[in-house]
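The values are calculated or read from the model by the stated rules, or taken from the named source; none is laboratory data. Since the structure is predicted, the reported quantities are computational estimates derived from the model, not experimental observations. Please note: Cβ atoms are built from the backbone with ideal geometry, for glycine as well, and neighbour counts cover all protein chains shown.
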Amino acid sequence: MDAFWYGLLGALFGVYLMLDGTVIGAGMLLRAGGPGERARRATVTAFGPFFLGNEVWLVVALATFSAVLPRLEESLLRTHYHLVAAVLVLWTVRDAAVWFRSRLERPGWRRGWDRVLTGVSGAFAMALGLLVGNVLTTTPGSDPVRMPFGWYPLLWALTVPVVLLVHGAVFLVVRLPGDLAGGPLRVVRRLALPAAASYAVVVGAGLLTRVPSQGAPAVAAGATAMVALAVSARIVAARPRIALALTALAAAAPAVLVGLSLEPVAARSLAAAPALDALAGFLVVVIPLVLAVQAWTWWAFLRRIDARTPVFF
């Protein structure tokens, strides 16, 4: 039963990174489709149908984490409070930029929010990377991390953004019209191999410095991400949907590595059986419902946008 709950949590966080990683990457690439409002409008339209549904996974993951591992959640918040707060603030500002950019038709208004969206998406990805690196190297419940910029977390702060850039670029290759997809396609071809190399560096550095979680399972997760990124660069033009599935694996790898790191502590932090039974009754309804809605959304909208595509934001 412990393995079931821990595996469920890992799956929830991994799915969030797979799905919202497309939006984070696309936000950083707002101008990759080309200059002018048409390209930026097309990029927002590309991720519009998926935007809110993707974030549901983070809400479900955080709520489940709080209920299943309450003591571990408290320890992590105490240790990484400043980083968690920064991630939540950046997440909120990113969402505000998506909501507000099209509220007015004034060019200056839209350009301003576009800059916010691009910058905050990159900062959001970097903050997620810093959080991953610090969780991997800090014991939960230790003194708060006030200066989270050690060299190993900084490696993750570089790795996560470049991986999500590639993931978002492949997503845009799938969704943008043919005349706008060339820019994201070039991003994939230029950055997929450096992103794979970044995983090699962070996993290798973890092994050399004896980061606790960096054993054979972590090497396997990193190797999977590296192969997925390398293959995606070769097939993205001919098989963009398959490439998107591959980069999704790379985007989810940090959740696997953090899960491996926290597993020894998590085993001692599981909530009482009555609480888990009550949560199971709730999740057996919520998760299939969310899965069904998400599956329909991706089936209905994962195709190139055109004049008939609905605009959500």
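Per-structure values
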item	result
Where Met147 falls short, out of the listed (1) surrounded by fewer than 19 Cβ atoms within 10 Å (Cβ to Cβ); (2) assigned to a helix (DSSP H, G or I); (3) among the hydrophobic types (A, V, I, L, M, F, W, C)	(2)
Single unsatisfied condition, Val68 versus (1) surrounded by 17 or more Cβ atoms within 10 Å (Cβ to Cβ); (2) modelled with pLDDT of 95 or more	(2)
Positions within the stretch 27-45 being modelled with pLDDT under 90 and either among the hydrophobic types (A, V, I, L, M, F, W, C) or at positive phi (or both), in sequence order	Ala32, Gly34, Gly36
Meets criteria (part of a helix (DSSP H, G or I), in contact with a Ser or Thr (Cβ under 6 Å, 6 or more places away or on another chain), over 23 Å from Ala278 (Cα atoms) and not acidic (Asp, Glu)) for Gly53	yes
Val132 being of a type in the set (Val, Ile, Thr) and either within 25 Å of Thr79 (Cβ to Cβ) or touching a residue at least 40 places away in the same chain (Cβ under 8 Å) (or both)	yes
Condition met for Trp91 (in contact with a Lys or Arg (Cβ under 8 Å, 6 or more places away or on another chain), surrounded by fewer than 20 Cβ atoms within 10 Å (Cβ to Cβ), free of Cβ contacts under 8 Å to residues at least 60 places away in the same chain and in a helix (DSSP H, G or I))	no
Selected residue [outside any helix (DSSP H, G or I), of a type outside the set (Gly, Ala, Ser) and modelled with pLDDT under 95] from Glu74, Glu105	Glu105
Residues located in the stretch 150-176, provided they are more than 23 Å from Ala251 (Cβ to Cβ) and either in a helix (DSSP H, G or I) or touching a Leu at 6+ places or on another chain (Cβ under 6 Å) (or both)	Trp151
Unmet requirement for Phe282, which otherwise passes all of (1) within 29 Å of Asp95 (Cα to Cα); (2) part of a loop (DSSP other than H, G, I, E, B)	(2)
From the options Val44, Val59, residue that is surrounded by fewer than 16 Cβ atoms within 10 Å (Cβ to Cβ) and either closer than 28 Å to Ile287 by Cα or in contact (Cβ under 8 Å) with a residue 24 or more places away in the chain (or both)	Val59
Near pairs, Cβ below 7 angstrom, 6+ apart or cross-chain, from the stretch 1-15 (farther than 13 Å from Leu260 by Cβ) to any residue that is of a type in the set (A, V, I, L, M) and surrounded by fewer than 16 Cβ atoms within 10 Å (Cβ to Cβ)	Asp2/Ala267
Residue count for the stretch 154-165, restricted to those that are in contact with a Pro (Cβ under 9 Å, 6 or more places away or on another chain) and surrounded by 24 or more Cβ atoms within 10 Å (Cβ to Cβ)	4
Single match in Ser261, Ser269 (criterion: under 26 Å from Trp5 (Cα atoms) and outside any helix (DSSP H, G or I))	Ser269
Failed item in (1) among the hydrophobic types (A, V, I, L, M, F, W, C); (2) buried (at least 18 other Cβ atoms within 10 Å of the Cβ); (3) free of Cβ contacts under 8 Å to residues at least 40 places away in the same chain, with Trp109 passing the rest	(2)
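Every residue, every condition in (1) modelled with pLDDT of 95 or more; (2) assigned to a helix (DSSP H, G or I), yes or no:
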| position | (1), (2) |
| --- | --- |
| Gly178 | no, no |
| Ala195 | yes, yes |
| Gly206 | no, yes |
| Val219 | no, yes |
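Residue-wise test of (1) surrounded by 20 or more Cβ atoms within 10 Å (Cβ to Cβ); (2) of a type in the set (Ser, Thr, Tyr); (3) in contact with a strand residue (DSSP E or B) (Cβ under 9 Å, 6 or more places away or on another chain).
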residue	(1), (2), (3)
Thr209	no, yes, no
Val231	no, no, no
Arg234	no, no, no
Leu257	yes, no, no
Glu263	no, no, no
Val286	no, no, no
Trp298	no, no, no
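Yes/no per residue for (1) of a type in the set (Gly, Ala, Ser); (2) in contact with a Cys (Cβ under 9 Å, 6 or more places away or on another chain); (3) buried (at least 19 other Cβ atoms within 10 Å of the Cβ); (4) farther than 27 Å from Thr138 by Cα:
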{"site": "Ala220", "(1), (2), (3), (4)": "yes, no, no, no"}
{"site": "Ala272", "(1), (2), (3), (4)": "yes, no, no, no"}
{"site": "Ala275", "(1), (2), (3), (4)": "yes, no, no, yes"}
{"site": "Leu302", "(1), (2), (3), (4)": "no, no, no, yes"}
{"site": "Phe312", "(1), (2), (3), (4)": "no, no, no, yes"}
